[in-house]
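The values are calculated or read from the model by the stated rules, or taken from the named source; none is laboratory data. It should be emphasised that the depicted structure is a prediction, and the values quoted were computed from it without experimental measurement. Note that each Cβ is placed from the backbone with ideal geometry, even for glycine, and that neighbours are counted across all protein chains shown.
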Amino acid sequence: MIRRWLFRAWCAAVLAFLLVPIAAIVPLSFSSGSFLTYPLPGLSLRWYGEVLGGGKWLAALANSLFVGSVATALALLLGTLAALGLARQRGPLVTALKLLMLSPMIVPVILVAVGSYFFLAPLALTGSYAGLILAHTVIAVPFVVVPVLTAVELLDPNLARAAAACGATPATTFWRVTLPAITPAMASGALFAFAASFDDVVIALLIAGPEQRTLPREMFSGLRDSITPALTAVASIMIVFSTALFLGMQAVQRRARRAGQDV
């Protein structure tokens with residue numbers, strides 16, 4: 001009994017250690033002052049009005065949503081095709097290809113950013129939406145490959161054989177059997193891929209130009225130039241957005257588990 005209470009107390013302490021610094025940011029976003037100070041001089045929505053009222057913050061948010069959406073769509077297409085191609089193959093070459101596809105998830109992001117810069121610079125794609133989308137697609141693809149590859153490997157091959165025995169063509173089997181079974185994994189991978197793109201700042205610093213400034217890059221510039229409660233308002237909005245993404249991931253995972261039990 002004592003051990004159980006000690007374990008719960010330890011878990012509560014760890015959660016408090018992780019969440020209190022994040023929670024401390026939110027009240028600052030409602031400050032009526034121009035500096036980050038406690039106690040708050042008053043309550044106001046002026047900083048949310050500054051962020052959501054237009055200007056650089058909304059432009060940066062629009063860039064992040066656009067780049068993240070396109071990069072996620074490309075990563076979903078390429079990652080799903082790669083997972084389908086690698087799922088039923090064996091051998092050292094396939095293992096090497098899997099490690100190569102997962103490397104952007106493993107190596108430090110600064111290496112991916114530098115490599116992307118030296119690859120895109122001769123093609124005149126730095127400082128463009130195309131270059132930033134391609135670089136974000138590279139870091140997003142592994143987040144699609146992992147869940148989709150797992151879902152394909154766990155899929156019962158007898159389902160495809162049964163469909164073929166009923167006269168279904170390979171294309172029909174894919175659309176009617178394989179795709180519905182891996183759709184929850186694809187959705188989960190797409191959510192993680194979008195989060196990876198939306199949260200990136202290192203690649204954006206090297207690849208993006210003045211017109212492609214994303215929200216994390218704008219926040220980084222704000223931390224370097226002038227720290228105002230507007231940054232805490234943006235951070236609070238991102239906390240809500242990230243929480244919504246997390247809840248979406250949880251819902252997709254629950255649906256995937258139910259789909260697996262039905263299969």
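So PHE194 passes all but one of these: (1) within 20 Å of TRP57 (Cβ to Cβ); (2) modelled with pLDDT under 80; (3) of a type in the set (A, V, I, L, M, F, W, C). Which condition number does it fail?
(2)
How many of the residues making up region 83-128 are under 22 Å from GLU211 (Cα atoms) and of a type in the set (S, T, N, Q)?
Residues meeting the conditions: 3.
Would you point out the residue of region 219-248, among those that are among the hydroxyl-bearing types (Ser, Thr, Tyr) and not in a helix (DSSP H, G or I), that is nearest to TYR38 (Cα to Cα)?
The selected residue is THR228.
Among the residues of region 111-151, write down those that are assigned to a helix (DSSP H, G or I) and among the polar types (S, T, N, Q).
SER116, THR137, THR150
Taking GLY85, is it closer than 20 Å to VAL144 by Cα and at pLDDT below 85?
Spelling it out, GLY85 is indeed closer than 20 Å to VAL144 by Cα and at pLDDT below 85.
Do we find that VAL94 is modelled with pLDDT under 80 and β-branched (Val, Ile, Thr) in this structure?
yes
Take THR173 and decide whether it is in a helix (DSSP H, G or I) and either touching a Phe, Trp or Tyr at 6+ places or on another chain (Cβ under 8 Å) or at pLDDT 80 or above (or both).
Against the criterion (in a helix (DSSP H, G or I) and either touching a Phe, Trp or Tyr at 6+ places or on another chain (Cβ under 8 Å) or at pLDDT 80 or above (or both)), THR173 does not qualify.
Need the failing condition index for ALA75 against (1) over 30 Å from VAL145 (Cβ atoms); (2) in contact with a Pro (Cβ under 9 Å, 6 or more places away or on another chain), just the number.
If we test ALA75 against (1) over 30 Å from VAL145 (Cβ atoms); (2) in contact with a Pro (Cβ under 9 Å, 6 or more places away or on another chain), just (1) comes out false.
Would you say VAL177 is among the hydrophobic types (A, V, I, L, M, F, W, C), buried (at least 18 other Cβ atoms within 10 Å of the Cβ) and farther than 29 Å from ALA244 by Cα? If you could, list the steps in order and put the result at the bottom.
Details: among the hydrophobic types (A, V, I, L, M, F, W, C): yes; buried (at least 18 other Cβ atoms within 10 Å of the Cβ): yes; farther than 29 Å from ALA244 by Cα: yes.
Yes.
Here is a list of conditions, (1) closer than 30 Å to LEU52 by Cβ; (2) part of a helix (DSSP H, G or I); (3) touching a Pro at 6+ places or on another chain (Cβ under 9 Å), and ASP200 meets all of them except one; can you say which number that is?
Among (1) closer than 30 Å to LEU52 by Cβ; (2) part of a helix (DSSP H, G or I); (3) touching a Pro at 6+ places or on another chain (Cβ under 9 Å), the lone unmet condition for ASP200 is (2).
Is there any pair with a first residue in region 61-80 that is under 14 Å from ALA204 (Cα atoms) and a second that is of a type in the set (Lys, Arg) and not in a helix (DSSP H, G or I) whose Cβ atoms are under 7 Å apart and which are 6 or more apart or on different chains, and what are they?
From residues that are under 14 Å from ALA204 (Cα atoms), the pairs are ASN63/ARG213.
Taking ARG90, is it more than 25 Å from PHE143 (Cα to Cα), free of Cβ contacts under 8 Å to residues at least 12 places away in the same chain and surrounded by fewer than 16 Cβ atoms within 10 Å (Cβ to Cβ)? Show your work before the answer.
Values: more than 25 Å from PHE143 (Cα to Cα): no; free of Cβ contacts under 8 Å to residues at least 12 places away in the same chain: yes; surrounded by fewer than 16 Cβ atoms within 10 Å (Cβ to Cβ): yes.
In short, no.
In region 20-35, what residues are within 16 Å of PHE241 (Cα to Cα), touching a residue at least 60 places away in the same chain (Cβ under 8 Å) and among the hydrophobic types (A, V, I, L, M, F, W, C)?
Result: ILE22, ILE25, VAL26.
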